[in-house]
Each structure stands twice: as C-alpha cells, then as structure tokens.
C-alpha cells in the first residue's frame, strides 16, 4: 500500500510542548482519455466478469454516464473499494474517445489485483491528469479541544455521532477547498488523541507537473486553535466555550472576534504548511510512478 504519511512539522505553543502534524495524500481522482472501442472490449473482458464490480448509469449533465464501484479483498483479509466513471455526459457523444476517471484512497487501497491492472493499463503515464486529491493532516490533539473558525468558508456544519463527547465531525465549505475534521482515533478504534484535518482540493495538473521541484500546492487552509490553557478573562473563556460548541465566530462582534483570534494566535494555533503538503504530494506520485514502472 502506497502511503505518504512521512512529512511532519512541529508547532510550539508558548510555554507548552510541541505538536507534530503528519501529512499524507488520502483520496485521489485521476483522469485520462480512452478510445470507446478499446474501453468496450475492456468492460466485456474484465469488468463484466468481475464479481466485485457494481455498474450503474447516470444521465444528468454533471455526471459520468457509466459508473462502476469495484470491491476487492486484501490478501490479509478485509475489503477496499474504488470508483470508475467513463464518458462524462457533457462530452461530445460523437467523439471516438471519452474520459475515464478513477477515484481511490491510497491509504486503504493497495495497488494489486484488478486495481493494479487498471492503473497500469490506463494511468501509467506522466500525462495522466490529477483532477483532485485529499490532503490529510493528523495531530495528537483531542477533537473536543479544537477551536474551529469558519474563516471565509460559506458553510460550517457539526455532526454529533452520539457515542461520546469526542464523537463529532466538522464540515467547512463546499466543493473545491472543502474541509472535514474528525476523530481519527475513534475511526481507527485506537486509544489516545488523534484528529484528522482533511482538505479536498482541485489540482488539474498532469503527474509530470506535480513531480517537478517547483510544484506548489496552493490552498487557503484555515488555521485551527486548540485549548490546553484557558484565558484569565472570564468573558473570553465563555466565548471560547460557545465557539467550541458550534457558535460561529463570524457572529461575534468585531472586538470579541479579534480578542478570540489574538488569544488563539498567541497560545494554541496550528498553521499548516503548503510546502510540506507539496512535498507529500510529490513523494506520493514518485512512489506511484515507481510502482507502476513508467517513465
């Protein structure tokens, strides 16, 4: 399984211990062009015979016409799945070729079996386009201690799972740049504190482009505050409690908002590093290229 969870950076709170942040590539969507005749033969010889492949059609203008969800089994037990879409409904139907898109999670999908065959057959080229990817940033802070600022995102939603105070997920924004923050330790079923901050970002670059040293990941990622200390100002302490429980910082007065952000910045702020993210992306796709053995 190809994984890029090797890039770490530390932030130091004033007077407190340092916090490690681990960066990794999570979900990947890639696109290429495939002749329709060739794809038809591939479907008949491979996908139609694959018991783990579920097919469905979609006709709306924003979707791919032909869709497959494919489930495979790990050699060591367990399952993983990925998605294929062919012939976007906005494309010219008279063309002899159409777009083929794949979406998979590198942290859950080992490159073997049918997935390896598909990637090697259609996506083993530096000209393959990376459409979107998810960057995951993990840090050992309990999610209940986070101070999540809506920042410039148009929407923020908090979902409570009902299995305890720390069973909650934040959703910020929609579409490109959307953010999901959740309790990764609870998802993994392990003890301790581990929060995941996940950003979905459009890349729209070829693999060859992201492998270049000058490639730069660009996204306006909101910072996150976390509480290991409380302010001496009781009013500010109450505002922090309200924001931690879903009250939007944008609804505070400008004075209160500035005081909050000043406290977070001075004491407990995490700022994510675009350069470290860029490095994680390059390392992942270099490993991807090496596994599939293409130039």
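Within segment 228-259, the set of residues being closer than 26 Å to residue 20 by Cβ, more than 28 Å from the chain's Cα centre (by Cα) and either at pLDDT 80 or above or buried (at least 16 other Cβ atoms within 10 Å of the Cβ) (or both) comprises 231 only. Quick one: in segment 120-144, which of the residues that are in contact with a helix residue (DSSP H, G or I) (Cβ under 6 Å, 6 or more places away or on another chain) and more than 30 Å from residue 193 (Cα to Cα) is surrounded by the most Cβ atoms within 10 Å (Cβ to Cβ)? So the residue we want is 128.
With the requirement that a residue be closer than 30 Å to residue 119 by Cα and in contact with a helix residue (DSSP H, G or I) (Cβ under 7 Å, 6 or more places away or on another chain), what does segment 250-288 give you? Correct list: 281, 282, 285.
Where in segment 45-127 are there strands (runs of 3 or more DSSP E), lying fully within it, with 1 or more residues that are more than 25 Å from residue 292 (Cα to Cα), in contact (Cβ under 8 Å) with a residue 24 or more places away in the chain and under 24 Å from the mean Cα position of the chain (by Cα)? Break it down stepwise before answering.
Values: elements: 53-57, 64-73, 79-88, 97-104.
In segment 45-127, 64-73, 79-88 are the strands (runs of 3 or more DSSP E) which contain 1 or more residues that are more than 25 Å from residue 292 (Cα to Cα), in contact (Cβ under 8 Å) with a residue 24 or more places away in the chain and under 24 Å from the mean Cα position of the chain (by Cα).
Taking into account only those residues within segment 215-227 that are surrounded by 14 or more Cβ atoms within 10 Å (Cβ to Cβ) and farther than 18 Å from residue 136 by Cβ, which is modelled with the highest pLDDT? My answer is 215. Of note, residue 33 does not satisfy the criterion of being touching a strand residue (DSSP E or B) at 6+ places or on another chain (Cβ under 9 Å), at pLDDT below 95, surrounded by 12 or more Cβ atoms within 10 Å (Cβ to Cβ) and part of a strand (DSSP E or B).
The values are calculated or read from the model by the stated rules, or taken from the named source; none is laboratory data. All of these numbers come straight from a predicted model, not from anything done at the bench. Every residue, glycine among them, receives a Cβ derived from its backbone with ideal geometry; neighbour counts consider all protein chains shown.
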